[in-house]
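Reviewing the structure listed below.
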Amino acid sequence: MMWQDIVFLGGSVFSLVVLVPTLKDRMANVPLGTSIPSASLGIVYGVTFFTMGMTMSAVGSLTTGVMWSLIAALRSPHPYRDQLSAQVRESATHRGPQNAD
C-alpha cells in the first residue's frame, strides 16, 4: 500500500464530511457551474487513480464525484422546479375564504 493512497483517501473523506451539510440543507442553492465541474473532476480523478492501482483513492474520489452529482441534482437551481414550487405556493395561498370558529 502506498502512503499517497491514504493521503488522497483522507482528502476525499474530508471533502465528503464537508459536503454532507450542503446535501442535507433544503435551502442550499449551489450553482451548476460549481457542482458539475466538481462532480466531473471527482469522477475523472477516481478513474485515473484506479488505473494507477490506487484503489482507496479511486473509491474516495468517485464517492466525492457522486456526492457532487447529488448536489447538482438536488441543490442546484432548476427553472422547472422553481416554477412548480411557485405554483404550489400560489395554490396553497388561494384556497378561498374560511369560516372563523
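A short reminder: the numbers here are calculations on the coordinates, not readings from a lab. Just so it is clear, the structure is predicted and the values come from calculations on it, not from any experiment. In this analysis, Cβ positions are derived from the backbone assuming ideal geometry, glycine residues included, and neighbour counts consider all displayed protein chains.
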Pairwise FRET efficiency - residue 29 versus residue 7, Cβ, R0 = 25 Å, nearest 0.05: 0.20
Highest-first arrangement of 64-75, 26-37, where packing means the average Cβ count within 10 Å: 64-75, 26-37
Gained length - residue 50 relative to residue 14, 0.36 nm times residue gap less alpha-carbon distance: 11.0 nm
